[in-house]
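One structure, pasted below without further comment.
The values are calculated or read from the model by the stated rules, or taken from the named source; none is laboratory data. Because the structure is predicted, anything quoted here is derived from the model rather than measured. FYI the Cβ positions are ideal-geometry reconstructions off the backbone, even for glycines, and counts take in every protein chain you see. When the accessible area is computed, the model is the full protein with side chains, heavy atoms only, and any ligands, DNA or RNA have been set aside. Shrake-Rupley method; radii C 1.70, N 1.55, O 1.52, S 1.80 Å.
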Amino acid sequence: MMNPRIEAAFNEQIKFEMESAHLYYQLAGWCAPQGFEGMSRWLLLQKDEELGHAHRFFTHIAARGGLPKIAALAEPKAEIKSALELFREVYRHELLITNRIDVLLDLAHKENDLAGAEFLQWFVREQVEEEEQASRIVLKLERIGPSGAGLVMLDAELGKRGKAA
Ligand code: FEO
């Protein structure tokens, strides 16, 4: 039987991961009409990854006899002024998710839930990657500044995500 405190906390994380997907879906929607098709593609792929993260929690809860719950989601931020502001939002959000994973891991240790702690290790590693990706894009955008040519080049680079080299 699954520890009810872990079950509740993991279910809350399903909501966080789905809200991540929701946010990135909305941000992709901002990019496309601005002509940032590459950024839009990057965010749509990130949205799919976030749904995958939610599903990892879903399957873990179900495998341990718990009940996965799908909650109502908060409306994501849609008012964005620039690509830099957008990716700063992505980076801020990933820091929030990292903090959530740390809290979950701490809880799993306190509750002596070794299976839960082991399951969370994948997310600990994943968040290192997620933060790195977002922070590097922010850095590049800060260096580029308002230069049109630089933005076009970065957009093309981000649009290669998920395509074979
Ligand atoms: Fe599921 Fe981007 O963290």
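Can you tell me how many residues in the range 62-74 are touching a residue at least 24 places away in the same chain (Cβ under 8 Å) and on the phi < 0 side of the Ramachandran plot?
Selection size over the range 62-74: 9.
Pairs, please: C-beta under 6 Å, at least 6 apart or cross-chain, first residue touching a residue at least 60 places away in the same chain (Cβ under 8 Å) and among the aromatic types (Phe, Trp, Tyr) and in the range 1-27, second assigned to a helix (DSSP H, G or I) and open to solvent by 10 Å² or more (accessible area, probe 1.4 Å)?
Phe16/Arg100; Tyr24/Lys47
Moving on. Of the residues Gln46, Gln26, Gln34, Gln13, which is more than 30 Å from Glu157 (Cβ to Cβ) and of a type in the set (S, T, N, Q)?
Criteria check complete, one pass: Gln13.
Still on this model: I need every pair where a residue in the range 36-60 that is touching a residue at least 12 places away in the same chain (Cβ under 8 Å) and under 19 Å from Gln127 (Cβ atoms) has its Cβ under 7 Å from the Cβ of a residue that is open to solvent by 10 Å² or more (accessible area, probe 1.4 Å) and basic (Lys, Arg), sequence separation at least 6 or different chains.
Going by the 7 Å Cβ cut-off, the qualifying pairs are Trp42/Arg161; Leu45/Arg161.
Of all residues in the range 119-137, which are of a type in the set (Val, Ile, Thr) and farther than 30 Å from Leu107 by Cβ?
Ile137
So how many residues does the range 2-28 have that are open to solvent by less than 50 Å² (accessible area, probe 1.4 Å), at pLDDT 95 or above and in contact with a helix residue (DSSP H, G or I) (Cβ under 8 Å, 6 or more places away or on another chain)?
Within the range 2-28, residues that are open to solvent by less than 50 Å² (accessible area, probe 1.4 Å), at pLDDT 95 or above and in contact with a helix residue (DSSP H, G or I) (Cβ under 8 Å, 6 or more places away or on another chain) number 17.
Would you pick out the residues in the range 96-109 that are open to solvent by 70 Å² or more (accessible area, probe 1.4 Å) and not acidic (Asp, Glu)?
Correct list: Leu96, Asn99, Val103, His109.
Would you check which residues across the range 20-63 are among the aromatic types (Phe, Trp, Tyr) and more than 16 Å from the ligand (Cβ to nearest atom) and list them?
Correct list: Trp30, Phe36.
Can you tell me which condition Gly29 does not meet? The list is (1) part of a helix (DSSP H, G or I); (2) within 24 Å of Asn3 (Cα to Cα), and all the others hold.
(2)
Applying the selection to the range 133-165, what residues are surrounded by 11 or more Cβ atoms within 10 Å (Cβ to Cβ), without any contact (Cβ under 8 Å) to a residue 24 or more places away in the chain and of a type in the set (D, E, K, R)?
Matches in the range 133-165: Arg136, Lys140.
Does Leu86 fit the bill of being open to solvent by 50 Å² or more (accessible area, probe 1.4 Å), in contact (Cβ under 8 Å) with a residue 12 or more places away in the chain and either touching a helix residue (DSSP H, G or I) at 6+ places or on another chain (Cβ under 9 Å) or not in a helix (DSSP H, G or I) (or both)?
Working: open to solvent by 50 Å² or more (accessible area, probe 1.4 Å): no; in contact (Cβ under 8 Å) with a residue 12 or more places away in the chain: yes; either touching a helix residue (DSSP H, G or I) at 6+ places or on another chain (Cβ under 9 Å) or not in a helix (DSSP H, G or I) (or both): yes.
No: the conditions fail for Leu86.
Is it true that some residue in the range 102-117 is under 13 Å from the mean Cα position of the chain (by Cα) and modelled with pLDDT of 95 or more?
no
Being among the charged types (D, E, K, R) and over 23 Å from Ile101 (Cα atoms) is the filter; apply it to the range 29-71 and report the residue that is surrounded by the fewest Cβ atoms within 10 Å (Cβ to Cβ). Give the steps one after another, and end with the answer.
Going through the range 29-71, the residues among the charged types (D, E, K, R) turn out to be 37, 41, 47-50, 56, 64, 69.
Imposing the further condition that a residue be over 23 Å from Ile101 (Cα atoms) reduces the set to 37, 41.
On the way: Glu37: 15, Arg41: 20.
If we take residues in the range 29-71 being among the charged types (D, E, K, R) and over 23 Å from Ile101 (Cα atoms), then Glu37 is surrounded by the fewest Cβ atoms within 10 Å (Cβ to Cβ).
When you go through Leu67, Leu86, Leu104 one by one, which is the residue that is closer than 24 Å to Arg5 by Cα and within 16 Å of the ligand (Cβ to nearest atom)? Outline the logic, then answer.
Numbers: Leu67 fails: within 16 Å of the ligand (Cβ to nearest atom); Leu86 fails: closer than 24 Å to Arg5 by Cα.
Answer to the check: Leu104.
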